[in-house]
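> One structure follows; several queries about it will come next.
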Amino acid sequence: MQAPLNQQIVISGVGGQGVLFVTRLLAEAAIAKGLAVLSSETHGMAQRGGTVLSHFKVGDFSSPLIRPGHADLLLALKAEGIAQHAAFLKPDGWIAVNAAAAPADGGNRCCLALDADRLARAVAPKAVNLILLGFALAASPAESENPLFCDLAEIQSVLQKRLDARPQLLENALAALAAGAAAPAAV
Amino acid sequence: MNRKNLALGNEAIAQGLLENGCAIATSYPGTPASEILSSLARLQRQTGAALHAQWAVNEKIAFEIAYAGCQAGLRTAVSMKQVGLNVAADPLMSAAYMGTSGGFVVISADDPGPHSSQTEQDSRLMAMMAKIPVLDPDSPAQARELVAVAYALSEAFRIPVMLRPTTRVCHARQDMAPLSPRPPERQPAFEKNPARWAATPKFRNQLHHELERKLAEIAIYPATAPLKLNAAGETPKAIVVSGVAAAHAREIMADLGIGDRIALYQVRQPFPLHTDFTAQLLAAHSEILVIEETMGVIEMQLADRQRVRGKLCGAVSRVGEILPEAVENSIRQFAGLPGRVPSLPTVPGRRPTLCAGCPHRASYFAIKRAAPRAIYTGDIGCYTLGLNLGAVDTVLCMGAAISQAAGFYHAFKNAPKPPDIVATIGDSTFFHAGVPALIDAVVQGVKFVLVILDNRTTAMTGNQPTPATGTGAMDEPLNRVAIESLVRGCGVSRCETADPYQLEAFTRTVRAAVKYSRSSGPAVVIARHPCLLDKRRQEAAALAQAPTVGDACDGCGYCLKNFECPAMGMDPETERVRIDPLVCSGCGVCLTICPQKAIAACARD
Ligand code: SF4
Ligand code: SF4
């Protein structure tokens with residue numbers, strides 16, 4: 001039996017990058033572990049290429065939103081998300097960002113960068129989201145005092161269930177996840 | 001074990017409807033309410049429930065269809081967004097007087113923020129104006145529970161009941177128990193009673209008295225009474241919350257560790273506010289803070305200005321979403337705790353834009369070319385984003401592009417050089433509210449061009465079908481109404497259809513329409529090309545290759561400024577435009593845009 005676990009994650013990107021899909025995978029992994037989940041997402045105008053932000057909370061919460069200074073992790077699918085959303089993090093929160101080099105504006109928080117756009121061109125053109133997720137999952141236990149509530153295998157099994165009927169998509173998704181997990185952080 | 005699922009707030013509402021025997025559900029799409037009906041249609045397909053779920057042409061029609069269903073004794077529901085309720089206000093006010101026979105739930109989803117709406121209006125005030133009870137859920141799970149409560153309440157008092165979720169309920173996701181089997185169906189039965197269902201003003205007066213009696217009883221109805229959320233005893237201070245503010249407050253009070261010092265009450269039925277609760281609250285507590293979205297509906301019913309704080313004294317903001325950080329700051333101040341939660345820095349995010357390859361972008365580009373100095377009246381939908389391109393000057397509400405074009409025409413018609421006027425409206429919006437406006441423009445001989453941006457879907461809200469699509473909410477085949485014949489039926493004698501992807505030809509069509517309109521009155525151009533978010537289109541487009549930018553590009557930036565395709569950007573190194581193959585849809589429209597002809601189609605390999 002695990003101790004009750006509370007974790008808050010902010011996922012940011014722009015329309016079309018699959019922010020909501022990543023949120024869903026995390027949520028289903030949490031439910032599979034018997035944890036309570038709340039999340040909140042932006043719809044509408046924001047989906048037309050504008051900023052998309054998703055709040056994700058697992059554990060004992062009632063509000064669907066994260067207050068500034070309370071998030072454990074910021075998953076930024078665009079580097080510009082750091083300036084916009086790093087203030088959600090608590091002091092020991094960390095950042096996984098899609099950027100060519102670790103940006104300076106992450107403050108003194110632990111900030112791990114991966115050029116997921118470049119990797120995506122080689123591996124899976126539309127899967128920047130899964131590449132970054134794989135990267136964050138692999139980086140989490142080693143690099144942080146504050147590990148993610150789930151691991152790579154758990155996300156893989158969620159993907160397997162979701163994309164069961166579409167083997168080609170599943171293969172691409174798993175490849176993207178694995179490529180991200182295997183990638184070293186940029187400096 | 002019943003494994004839990006992840007449910008969107010709107011899916012949770014749909015589950016609630018189906019579990020409680022809803023037999024007719026109608027809607028017009030609008031964010032944040034759209035997924036209620038689409039989820040319902042999906043659940044119907046999965047379970048084979050005897051349910052009629054449909055998209056109606058607008059909210060007024062949707063309301064009237066569902067209302068007639070409850071007159072026939074069935075449980076029914078209509079869903080829409082808050083501005084949609086304005087469109088349905090007319091039948092709402094009357095339905096409150098006449099009451100119901102079966103249970104009737106009016107779901108009006110509010111958008112504090114506003115994330116994708118013209119206003120932040122509070123539907124609870126509309127419920128108050130109509131004099132019907134309104135329930136205010138704090139979460140997807142509670143929204144589902146309150147559907148059952150709403151039906152029971154509606155049938156106990158024969159009154160329409162409003163359920164008012166907000167964006168943070170509709171678009172929150174939560175783990176949830178799976179759908180449980182639904183109760184047996186009823187047979188429809190319509191009891192003729194003209195004094196009630198077709199009442200003259202004299203009877204309406206009686207019905208109004210009856211309505212007031214109902215409200216007084218609903219104000220003591222136990223099933224919707226406020227809840228005390230913590231164990232605080234006799235404390236001088238109390239906080240009253242509703243909607244998602246209740247969810248924020250519960251968590252914040254626990255974090256701050258003041259749950260035993262300040263009583264926390266949740267109001268689930270903001271109108272009519274329970275009279276016993278009001279009396280007890282004012283008797284037991286000397287200082288009261290009310291936190292609710294968007295207007296002070298509860299606050300104004302606690303009419304003791306000396307002891308009640310909230311929006312009126314500025315303790316809670318009257319504008320915008322009440323984010324949890326704002327709730328925490330209000331609570332800290334009320335509790336006398338030091339410290340403030342900083343708000344997020346206001347770093348400008350990306351502004352939304354039409355998709356790469358959106359046919360509307362090409363339409364707007366052509367309109368600007370064909371009528372460069374025109375007044376451009378716009379409307380509600382994805383294509384509102386034509387304002388980025390300088391091709392939308394006004395956006396008021398659904399259908400207003402056409403009526404405003406008429407207004408501008410009448411204003412300028414005696415001017416020495418009246419401007420050209422080009423109105424743009426989407427296909428779904430045209431069906432919704434454009435048709436009556438077009439009839440009026442024809443009758444008045446308004447000289448303007450109407451471009452109907454026909455992408456064969458309701459794109460902004462998630463690609464729901466339109467009356468031209470030929471399929472329904474449950475994917476069933478339906479009749480179609482052709483936009484061309486509708487336009488001609490309104491009395492327009494010049495109506496042409498063209499594909500905006502064929503930019504040159506399309507521009508000529510608009511130019512000719514503008515010329516015609518100057519002398520002869522309304523001209524309509526139907527700009528027809530399917531939305532890129534349509535699944536099949538996406539697959540076809542995936543085959544198309546991104547064009548290449550050649551040496552002739554001198555970095556003038558004309559395309560970036562005037563066409564704003566998100567796939568295009570300036571490469572700082574080469575000082576030339578670059579096309580991102582991950583974003584480009586391969587539509588090829590930019591080939592005709594570049595003054596240098598520097599963009600070329602890529603040969604397929
Ligand atoms: S969703 Fe469709 S209509 Fe809307 S911007 Fe994209 S392509 Fe255009
Ligand atoms: S072909 Fe040109 S206009 Fe069309 S999406 Fe690609 S870059 Fe944009």
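> Would you mind working out the magnitude of the charge dipole of the range A:111-164 relative to its Cα centre, with +1 at each Lys and Arg C-beta and -1 at each Asp and Glu C-beta, to the nearest 20 Debye?
In total the dipole reaches around 320 debye.
> Taking the Cα centre of the protein assembly as shown as origin and charging only Cβ (+1 Lys, Arg; -1 Asp, Glu), how large is the dipole, in debye to the nearest 20?
Values: 74 positive and 70 negative charges, 379 e Å.
For the protein assembly as shown, the charge dipole is close to 1820 debye.
> If you don't mind, another one. Residue by residue through B:172-179, how many Cβ atoms from other chains fall within 10 Å of the Cβ on average?
Averaged over the peptide's residues, the number is 5.
> Toward the positive end of the charge dipole of the range B:150-252, about the Cα centre and with charges on Cβ (Lys, Arg +1; Asp, Glu -1), which of B:I220, B:F203, B:A232 goes farthest?
Farthest towards the positive pole: B:F203.
> Under the classification rounded if a/c is under 1.5, otherwise prolate if a/b is larger than b/c and oblate if not, where does the protein assembly as shown fall, given a ≥ b ≥ c as square roots of the Cα gyration tensor eigenvalues? Please report the intermediate quantities before stating the final value.
Details: a/c = 1.71, a/b = 1.10, b/c = 1.55.
Because a/c hits 1.5 or more and a/b fails to exceed b/c, the protein assembly as shown counts as oblate.
> Kindly provide the pair-distance distribution of the range B:347-408 built from C-alpha pairs, with 5 Å bins from 0 and whole-percent values in order of increasing distance.
4, 18, 26, 24, 17, 7, 3, 1
> Take every Cα pair under 8 Å in chain B that's 6+ residues apart, average their separations, divide by the length, and report that relative contact order as a whole percent.
Across chain B, relative contact order equals 11 percent.
> Evaluate peptide A:31-39: per residue, the Cβ atoms of other protein chains within 10 Å of its Cβ; return the mean as an integer.
4
> Still on this model: Could you calculate, for the range B:142-277, the ratio of the Cα radius of gyration to the Kirkwood radius, expressed as Rg to Rh? Present the calculation step by step, with values, prior to reporting the outcome.
On the way: Rg = 19.4 Å, Rh = 18.1 Å.
Rg/Rh for the range B:142-277 comes to 1.07.
> Which listed residue (B:V510, B:G472, B:A527) has the Cα farthest towards the positive end of the charge dipole for the range B:456-551, taking +1 on Lys and Arg C-beta and -1 on Asp and Glu C-beta about the Cα centre?
B:V510
> Here is a follow-up. Can you give me the long-range amide H partners of B:R494? Hydrogens built in the peptide plane at 1.01 Å from N, cutoff under 5 Å, separation of 5 or more residues or another chain.
B:V524
> Also, I was wondering about something else. Can you give me the distance in nm between label points at B:R576 and B:A335, each placed 7 Å from the Cα along the Cα-to-Cβ direction?
Each label point lies 7 Å from its Cα, and together they span 6.2 nm.
> Could I ask something else about it? Counting each DSSP H run of 4 or more residues in the protein assembly as shown as -39500 (n - 2.57), what helix-only mean residue ellipticity at 222 nm follows after dividing by all residues, to the nearest 500 deg cm²/dmol?
Result for the protein assembly as shown, helices only: -11000 deg cm²/dmol.
> Around B:S519, what is the net charge, scoring Lys/Arg as +1 and Asp/Glu as -1 over all other residues with Cβ under 13 Å from its Cβ? Spell out each step's value before the answer.
Details: positive: B:K447, B:R494, B:K515, B:R518; negative: B:D420.
Taking every Cβ under 13 Å from that of B:S519, the sum is +3.
> Continuing with the same structure: Checking the a/c ratio against 1.5 first, then a/b against b/c, what shape does the Cα gyration tensor give for the range B:114-218?
On the way: a/c = 2.49, a/b = 1.43, b/c = 1.74.
Judged from the Cα gyration tensor, the range B:114-218 comes out oblate (a/c at least 1.5, b/c at or above a/b).
> What residues have an amide H closer than 5 Å to that of B:R268, excluding those fewer than 5 places away on the same chain, when H is modeled at 1.01 Å from N in the peptide plane?
Long-range HN contacts for B:R268: B:L227.
> If you don't mind, there's one more thing I want to ask. Let me spell out the model: positive unit charges on the Cβ of Lys and Arg, negative unit charges on the Cβ of Asp and Glu, origin at the Cα centre of chain A. What dipole size does that give, in debye rounded to 20?
Its charge dipole is roughly 440 debye.
> Something else: Enumerate the amide H contacts of B:I159 below 5 Å, restricted to partners 5 or more residues apart or on another chain; note that Pro and chain-start residues carry no placed amide H.
B:T100
> Could I ask something else about it? If one computes the Cα centroid of the range B:46-117 and of the range B:249-306, what distance in Å separates the two points?
Each part's Cα centre sits 30 Å from the other's.
> Just the projected area, averaged over all directions, of the convex hull on the alpha carbon atoms of chain B: how many nm²?
33.7
> Using only the alpha carbon atoms of chain A, find the Kirkwood hydrodynamic radius as the inverse mean reciprocal pair distance, in angstroms to one decimal.
16.3
> Enumerate the calculated ³J(HN,Hα) couplings along the range B:393-399 in order (Karplus 6.51 cos²θ - 1.76 cosθ + 1.60, θ = phi - 60°), each rounded to whole Hz, writing x wherever the residue is Gly or Pro.
Karplus values, whole Hz, x for Gly and Pro: 9, 9, 9, 10, 6, 3, x.
> How many Å² of accessible area per residue for chain B, probe 1.4 Å? Don't jump to the answer; show the numbers that get you there.
Numbers: 24440 Å² over 605 residues.
Result: 40 Å² of accessible area for each residue.
> I've got another one for you. Partner chain Cβ atoms within 10 Å, averaged over the residues of B:339-352 - can you pull that number for me?
Details: counts 0, 0, 4, 4, 3, 7, 6, 1, 10, 4, 13, 12, 6, 11.
Partner-chain Cβ atoms within 10 Å, mean over residues of B:339-352: 6.
> Which helices pass in chain A if a helix is a full DSSP H run, must span at least 30 angstrom along its long axis by Cα, and must have mean Kyte-Doolittle hydropathy not below 1.6?
Both cut-offs are met by no helix.
> Next question. For the protein assembly as shown, build the charge dipole from Cβ charges (+1 Lys, Arg; -1 Asp, Glu) around the Cα centre, then report which of B:L92, B:A598, B:L302 sits farthest towards its positive end.
B:L92
> All other residues with a Cβ under 13 Å from the Cβ of A:Q156 taken together, and with Lys, Arg as +1 and Asp, Glu as -1, what is their net charge? Don't jump to the answer; show the numbers that get you there.
Details: positive: A:K161, A:R162; negative: A:E28, A:D151, A:E154, A:D164, A:E171.
Residues near A:Q156 contribute -3 overall.
> Using label points projected 7 Å from each Cα along Cα→Cβ, tell me how many nm separate B:K192 and B:A284, to one decimal.
5.4
The values are calculated or read from the model by the stated rules, or taken from the named source; none is laboratory data. None of the values given here were measured: they were computed from a predicted structure. Note that we place each Cβ from the backbone using ideal geometry, even for glycine, and neighbour counts take in every protein chain shown. Ligands, DNA and RNA are stripped out before the accessible areas are found, and what is left, the full protein with its side chains, is counted by its heavy atoms. Shrake-Rupley method; radii C 1.70, N 1.55, O 1.52, S 1.80 Å.
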